[in-house]
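Since the structure comes first, as structure tokens, the remarks are kept for the end.
Laboratory data are not the source of any read-out in this text; all were calculated from the coordinates shown. Just so we're clear, the structure is a prediction, and the values are computed from it rather than from any experiment. Glycine also receives a Cβ, built like all others from the backbone with ideal geometry; neighbour counts cover every protein chain displayed.
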């Protein structure tokens, strides 16, 4: 059965790199790229989502608002890994409180991240 992975990012380099690595290293995955609030709004509450990668902010939304939408409005229970270049403790605590499963500080090793995601999805 295919694993459904959402990559939510405005950063073209970020989502293209992860998409390429995931297609190569994660078997039986279906990738969906979301680059705007309008696209996020189209995520169905009934969708079976296995993993979410969330990168940063959008034009009119903070990353916290995107997290809230995913957890509360879309009722996504899958792991959400949040990528951020902000490392203040209050920011990190708030991200966890709203629903991030893991926070990854930029810069990171994309191959290591994709391998970690593959290991989680293959359990």
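Go through 42, 75 for me and flag whichever is at positive phi and surrounded by fewer than 14 Cβ atoms within 10 Å (Cβ to Cβ). Full working, then the answer.
On the way: 42 fails: at positive phi.
Only one candidate passes the filter, namely 75.
For the stretch 25-41, give me each residue that is in contact with a helix residue (DSSP H, G or I) (Cβ under 7 Å, 6 or more places away or on another chain) and assigned to a loop (DSSP other than H, G, I, E, B).
The initial filter retains those residues of the stretch 25-41 that are in contact with a helix residue (DSSP H, G or I) (Cβ under 7 Å, 6 or more places away or on another chain), namely 25-26, 29, 31, 33-34, 40.
Within the stretch 25-41, just 26 meets the criteria.
Wholly within the stretch 42-123, which helices (runs of 4 or more DSSP H) include no fewer than the required count, namely at least 3 residues that are closer than 15 Å to residue 9 by Cα, within 16 Å of the chain's Cα centre (by Cα) and touching a residue at least 24 places away in the same chain (Cβ under 8 Å)? Before the answer, list the steps.
Values: elements: 63-68, 89-98, 110-121.
In the stretch 42-123, 63-68 are the helices (runs of 4 or more DSSP H) which contain 3 or more residues that are closer than 15 Å to residue 9 by Cα, within 16 Å of the chain's Cα centre (by Cα) and touching a residue at least 24 places away in the same chain (Cβ under 8 Å).
For the subset of the stretch 78-116 comprising residues that are touching a helix residue (DSSP H, G or I) at 6+ places or on another chain (Cβ under 7 Å) and over 16 Å from residue 55 (Cβ atoms), which member is surrounded by the fewest Cβ atoms within 10 Å (Cβ to Cβ)?
Only one residue tops the list, namely 111.
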